[in-house]
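One structure below.
The values are calculated or read from the model by the stated rules, or taken from the named source; none is laboratory data. Predicted model only: the values in this text are computed from it and were never measured. A quick note on method: Cβ atoms are made from the backbone with ideal geometry, for glycine too, and the neighbour counts reach across all protein chains shown.
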Amino acid sequence: MQNLFGRKRGSASSAKDRLQMVLIHDRSNLPPGVMDALRDELIEVISRHVKVRKSDVQIEIAQDGRKQRLVADIPLETDGQNR
Amino acid sequence: MVGSVITITSGKGGVGKTTATANIAAALASTGKKAVCIDADIGLRNLDVVLGLENRIVYDLVDVVEGRCRLRQAMIRDKRLPELYLIPAAQTRDKSAVSPSDMVKLANELREEHDYILIDSPAGIERGFRNSIAPADRVIIITNPEVSAVRDADRIIGLVEAEEKGPAQLIINRLNAGMVERGDMLAAEDVLELLAIELIGVVPEDEEVIVGTNRGTPVALDSKSKAGQAFRNIGQRIQGETVPFMDLGQESGFFDRISKLMRPGG
Ligand SMILES: Nc1ncnc2c1ncn2[C@@H]1O[C@H](COP(=O)(O)OP(=O)(O)O)[C@@H](O)[C@H]1O
Ligand SMILES: [Mg+2]
């Protein structure tokens, strides 16, 4: 849409994209590897009760104004075995 | 009178804190408010030259704090504006000469006789920053539309919140409309979206700022300067007025662009 009306994708958009990533990281101040550890452990705990589609599990930090929240999207197996 | 204390700070140095302090103070004073600015950048005095008051310094902030003079004696009155004063920083001392509680005490004394007390903070996150925000009723963060300045601003906004001095407000300084138009500078909207705080002003990049600093005359006193207009608008917003943001010729919105397409030559 942006490009339709003559705005070129200049360096400002990479500045914005890069800042978005950097600020998420600066604000949460999580040591490296924490997200992966969280993901693995969440899968482990939840799998004890219900079958999880492990490869599709997503954990990310979402921005809500200046606040951050941890969002986990954990799809379940839907082959009927869990019902 | 119970004056309001406004601290102007940033993460990164050189983004325009001193320029903004001088100009906002001049803007407030030119509308008849009593304004005093304090240079809290001890060891790197600068607000005096930006205001053109460097030849009149006798006493400074540290002299007041250490009791070598009365507060009045350290306040330099600007001859152009009857109600603009400066308390200069000490040049030969370091930041540890003043504590946050010294600043609170000083500000409380100034509140009794002034509408606005503006504090020009040093860059960074150490003693000088803590001194500057300790007495603040309102904190204004200044940044440039540029990667490292925005990143450091975000850090400072977090610290201001942690000190329970938030929510801070934002000035975006040195916006170059041509570069924004070309897609080579973050637009004001982008910076706002990233930092997610309230905007109180956008100041364009303007050669007149440097000319004004050369002369010791803040651009806010120059009715033709665009940056001067932006600083006057900030002064009005501080006083609670609703002033529309200036059209800096930057990034016309989506609908503007459509209407330009439909209205050839318009
Ligand atoms: N809007 C502007 N347009 C052009 N130059 C500016 C503008 N704002 C600040 N400057 C220049 O940028 C430099 C740094 O500004 P200064 O106010 O001293 O920053 P700080 O106090 O944050 O270190 C100065 O040379 C000043 O003249
Ligand atoms: Mg300065």
Flag if residue B:166 is within 13 Å of another protein chain (Cβ to nearest Cβ), small (Gly, Ala, Ser) and more than 16 Å from ligand 1 (Cβ to nearest atom): yes
In segment B:117-147, the residues that are buried (at least 22 other Cβ atoms within 10 Å of the Cβ) and under 30 Å from residue A:13 (Cα atoms): B:139, B:140, B:141, B:142, B:143, B:144, B:145
Selection count, segment B:2-24, where residues are of a type in the set (Lys, Arg) and more than 19 Å from residue B:210 (Cα to Cα): 1
Selection within segment B:1-14 - in contact with a Ser or Thr (Cβ under 7 Å, 6 or more places away or on another chain) and surrounded by fewer than 24 Cβ atoms within 10 Å (Cβ to Cβ): B:12
Restricting segment B:183-208 to residues that are surrounded by 18 or more Cβ atoms within 10 Å (Cβ to Cβ) and away from every other protein chain (no Cβ under 14 Å), the residue that is nearest to ligand 2 (Cβ to nearest atom): B:203
Check on residue B:211, under 17 Å from residue B:224 (Cβ atoms) and either within 14 Å of another protein chain (Cβ to nearest Cβ) or surrounded by fewer than 16 Cβ atoms within 10 Å (Cβ to Cβ) (or both): yes
Qualifying residues in segment B:171-182 (those that are within 13 Å of chain A (Cβ to nearest Cβ) and surrounded by 22 or more Cβ atoms within 10 Å (Cβ to Cβ)) - the one nearest to residue B:8 (Cα to Cα): B:175
Residue ranges of strands (runs of 3 or more DSSP E) in segment B:1-103 with at least 3 members within 14 Å of ligand 1 (Cβ to nearest atom): B:4-9, B:35-39
Qualifying position, being more than 24 Å from residue A:27 (Cα to Cα), in contact (Cβ under 8 Å) with a residue 12 or more places away in the chain and either away from chain A (no Cβ under 13 Å) or not in a helix (DSSP H, G or I) (or both), among B:119, B:141: B:119
Residue check, residue B:220 hydrophobic (A, V, I, L, M, F, W, C) and within 12 Å of ligand 1 (Cβ to nearest atom): yes
Matching entry among B:31, B:9 (being away from ligand 2 (no atom under 16 Å from the Cβ) and either closer than 16 Å to residue B:93 by Cα or at pLDDT 95 or above (or both)): B:31
Candidate set: segment B:182-217, residues that are acidic (Asp, Glu) and under 30 Å from residue A:27 (Cα atoms); chosen: the one nearest to ligand 1 (Cβ to nearest atom): B:205
